[in-house]
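Reviewing the structure listed below.
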Amino acid sequence: MTWTSPPQPSSPSLDDPGRPDQPGGASGLSRRQFLVGAGVLGTAAATLGVLASTRPWDQVAKPTSASSASASGPLVLVTLYGGNDGLNTVIPYTDPAYLSLRPNLGYQPSQVLPLAEGLALNPKLPGLLSLWKSGQLAIVRGVSYPSPNLSHFASMAIWQTANVTDGTGSGWLGRWLDSAGDGPERAISIGATLPPALRGDKEAAAAITGPTLTLPGDSAFQKAYAAMQTPSPDRVGLVADVATSGRDLLGIRQRLANLQAPASGGGGGDTGTGGTHPTGAGSGLAGPNGITAALGVVSDLIVAGASAQVYQVSLASFDTHAEEKVNHERLLSELDGAVTAFFKALDGSSHAKNVVLMTYSEFGRRPAENASGGTDHGTAAPLFVAGPNVQGGKFYGEQPSLTRLDADGNLISNVDFRQVYATVLEKAVGSDPAAVLGGQFQTLAFV
Amino acid sequence: MAVDSVRSDIALLYRRAGFGLRGVELDALVPAGYEAAVEGLIFGLTVPDPGGDAVAVPSFPNPRLPGRTASLSERQAASAELRAGLSALQEWWLQRMVATSTPLREKLTLFWHGHFATGASKVRDPKLMYLQNQLFRTRGWGSFEALTQAVAKDGAMMFWLDTETDKKAHPNENFARELMELFTIGIGNYTQDDVTAGARAFTGWAYSRQTYRYFFQAAQHDYGTKVFLDQSGEFNGTDIISILVSKAESARFVLAKLWSHFAYPVKPEDPVVDDLIGTYGSGFDVAGSLRTVFLHPMFRSAQTRTGLVKQPIEYLVGLARALGLGAAASPSGGGGGRLTLALVASALGQEPLNPPNVGGWGQNSYWLDTATAEVRLEAALLLARRADLSSIESVSVSQRSAVLADLLGLDGWGPTTASALERQADRPEQLVALALASPDYVVA
């Protein structure tokens, strides 16, 4: 069955009618919070609404502070949850084995967007095709790891920890945060919950749901809240961890506030009102688009000169066991629009010259379609790397064979995802890959 | 002294096996002792729930889904209707938890919802979600095998994990894999061949969205011999579940999960699981296992007391019960705005009846990040404003934080929290909001 996205809840109904907001910043739970929090059911347009009206840095050309200038990066990690079907994303449309494995689910040569070497993009990826043509999109083919695991959770844990043995331990970017050791604002995840990849043993990335953080209550209340987060010997284990998340909240809030403060006196306070969102998505957005909104927050922060070296956004529901075509196309279309809008928003910004965006998913899908119009869990898949400095319009790694499959009928990988990680750690994060990954992995030349 | 420790233990028991108890309610239970409190909760698994039953079940929207030829507006209208039906159902469940007279049963229902995690985002029809929720409520305390067999034929689960499309010609592996990995034995205890064999065994299982019944399509079933976990036979899905739950690994897996959610996280190989296996036994007895958990010496240990971060749903239900918020936070009449507990839970990252994936929600650090901290603080202040704070307002400023701890069913505050609360003790709403956002309360 086909379903349109659920319509937006009308925002006024979510306002608290009981008591008017108090002066001094004491307010009800903001609409944004509730709407964003409603998550799956589609609420990100509300974020965009907030973006359109509360982005004071919008029209303020801000000089770079020394700390925010970056020779490389930032890295923008795009997590695709559920196992994206690589073969229907980067399509081996000239290989006769493709349509014989996928008589119903496969694309005809006339439908696809050809790239090179017998490969083509899914028809729902015209924006990525443009990036490819302008040399800003690289495709790494056949990415997986030794003895791939077909469980979502095990495989996602392996990707997020870069521990291919059993997926336990700290997140790979969490380990980088641990070694960098200078606070949560170095990595920012957009979304209500923080993925394990960004959680270290000591440090964790900040999770934000919008471009600003406004704490409720007046100054006395906020000071008491801050006092309550003070580290103390009476706090150990989880109690200490809760206080740490509170301190991180205060820290990231301060950083975001600093970012919004006009660089030179005046002018910043009201310029955002009525401004249009640089992604062009702020007005007239037809439906909810979580990843578009999230990448909009990221582009805002980058353009404003935020010091984060890593950002994370996500898109879910790639687990297409049944009725894949319509659902997968909808997801790819959403991804394509979001990435296109993201680079458009960054265009011309001095902070965006070295941005590297990469997608990944826990696995690809089985080459042979199933009887439900879908595909089961697979192994190797392509991933996208995009950015102005990316050596794009090229493939990296070999295309896995459709006729030489493993015992479960899955693709055989030729690129270890830790090679991709090593490359972005070195070139976009500016970190020693061996220290983070616990070993040497040959980097790729895509950036 | 002895009385104090019994009171503290019963308070802990009710925080974990229920949604917390106010001081006055605790006082009433102390004379009979801890074991009697455990028995009371276990007894509640099998008796009527007048409090919960008083919360009216919402009516369900027409589940007929528009076909491919439907216009955009028809689809949107149908989507909106289903969305509204789901919202009503989500709030019904949270209000039921707030009002329940049998808190362990509602807590166990929440546990099974996280275990057999099924999401309305794919199932769509709220009535199917309701039927699954009732299944957990009515059968969640009996045999784990009977429960799992029923879940396998539950419509919401069958649509969620595609059992419904599992056909002889091309088996769909989704349900078979998650049945083993997440529901019964855990990863590492089966191979891909077992997944394939399991998927064949469930072929032909179907469900009618019209009659809300499971049915069997013989023509789609693979009657052939399957080799499954080193056994061979013409297995069907029922056989597969029987084989799985009888494995020693399954008992450890299920009991470790129960312990992890009621005490503190452990892995299946943890020695504390050894002590639970006897009562679980060959009857896969959930209620008996829960009793053993609550009576285990480690359950009343310091490790348990600081072992879990409250999940948003239990956090909200607990504070709503303590502060008398059920009605206040429910939809206001007259077409005005609404603030529901389900909406706050969603904002905190735990949308009822819609877990992020079949793995359910995580534990502890999963709930600790800056976004959740921010929403928690906002929600705490907003809910504190709606609460009846007369019991706080009526005592002197210096006594307020202690009275508040008692109201929330806590033994007291740690020194850092106590001194922060002191700063706002003259402002009851702010005091309560800070307390609700404090590490002491967030850790269950």
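On the given criteria, is A:Gly210 more than 7 Å from chain B (Cβ to nearest Cβ), buried (at least 24 other Cβ atoms within 10 Å of the Cβ) and outside any helix (DSSP H, G or I)? Can you show your working first?
Working: more than 7 Å from chain B (Cβ to nearest Cβ): yes; buried (at least 24 other Cβ atoms within 10 Å of the Cβ): yes; outside any helix (DSSP H, G or I): yes.
Here the answer is yes, as A:Gly210 does meet what is asked.
Hand me the list of helices (runs of 4 or more DSSP H) wholly inside the stretch B:380-444 holding 1 or more residues that are more than 8 Å from chain A (Cβ to nearest Cβ) and among the polar types (S, T, N, Q).
The qualifying helices (runs of 4 or more DSSP H) are B:390-393, B:400-407.
The strands (runs of 3 or more DSSP E) located wholly in the stretch A:71-176 include none with 3 or more residues which are more than 14 Å from chain B (Cβ to nearest Cβ) and of a type in the set (Ser, Thr, Tyr). What about B:Ser398, is it surrounded by fewer than 24 Cβ atoms within 10 Å (Cβ to Cβ) and among the small types (Gly, Ala, Ser)? So B:Ser398 passes the test.
Please go through the stretch A:229-247 and give me each residue that is within 7 Å of another protein chain (Cβ to nearest Cβ) and surrounded by fewer than 24 Cβ atoms within 10 Å (Cβ to Cβ), ordered by number. If the condition is that a residue be within 7 Å of another protein chain (Cβ to nearest Cβ) and surrounded by fewer than 24 Cβ atoms within 10 Å (Cβ to Cβ), then A:Thr230, A:Ser232, A:Asp234, A:Arg235, A:Gly237, A:Leu238, A:Val239, A:Asp241 are the ones that fit. Do we find that B:Leu104 is more than 14 Å from every other protein chain (Cβ to nearest Cβ), under 14 Å from the mean Cα position of the chain (by Cα) and modelled with pLDDT of 95 or more in this structure? The answer is yes for B:Leu104.
Per-residue answers, yes or no, for (1) surrounded by 20 or more Cβ atoms within 10 Å (Cβ to Cβ); (2) among the aromatic types (Phe, Trp, Tyr); (3) more than 14 Å from chain A (Cβ to nearest Cβ):
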{"site": "B:Asp27", "(1), (2), (3)": "no, no, yes"}
{"site": "B:Ala32", "(1), (2), (3)": "no, no, yes"}
{"site": "B:Gly52", "(1), (2), (3)": "yes, no, yes"}
{"site": "B:Asn62", "(1), (2), (3)": "no, no, yes"}
{"site": "B:Ala77", "(1), (2), (3)": "no, no, no"}
{"site": "B:Ala80", "(1), (2), (3)": "no, no, no"}
{"site": "B:Leu86", "(1), (2), (3)": "yes, no, no"}
{"site": "B:Leu89", "(1), (2), (3)": "yes, no, no"}
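Any residue that is over 20 Å from B:His115 (Cβ atoms) and assigned to a helix (DSSP H, G or I) - is there at least one of those in the stretch B:166-189? No, because not a single residue in the stretch B:166-189 is over 20 Å from B:His115 (Cβ atoms) and assigned to a helix (DSSP H, G or I).
Being acidic (Asp, Glu) and more than 14 Å from chain A (Cβ to nearest Cβ) is true for just one of B:Glu173, B:Glu181, B:Glu145, B:Glu164. Which residue is that? Step through it out loud before you land on a result.
On the way: B:Glu173 fails: more than 14 Å from chain A (Cβ to nearest Cβ); B:Glu181 fails: more than 14 Å from chain A (Cβ to nearest Cβ); B:Glu164 fails: more than 14 Å from chain A (Cβ to nearest Cβ).
On inspection, the qualifying residue turns out to be B:Glu145.
Residue count for the stretch A:142-159, restricted to those that are within 19 Å of the chain's Cα centre (by Cα) and under 14 Å from A:Gly82 (Cβ atoms): 5. Taken together, the criteria exclude B:Asp193 from residues that are touching a helix residue (DSSP H, G or I) at 6+ places or on another chain (Cβ under 7 Å) and within 12 Å of another protein chain (Cβ to nearest Cβ).
Only one of the numbered conditions (1) modelled with pLDDT under 95; (2) assigned to a helix (DSSP H, G or I); (3) not β-branched (Val, Ile, Thr) is violated by A:Leu425, and that is (1).
The values are calculated or read from the model by the stated rules, or taken from the named source; none is laboratory data. This is a predicted model, so every value here is computed, not measured. Glycine gets a Cβ as well: all are built from the backbone with ideal geometry, and neighbour counts include every protein chain shown.
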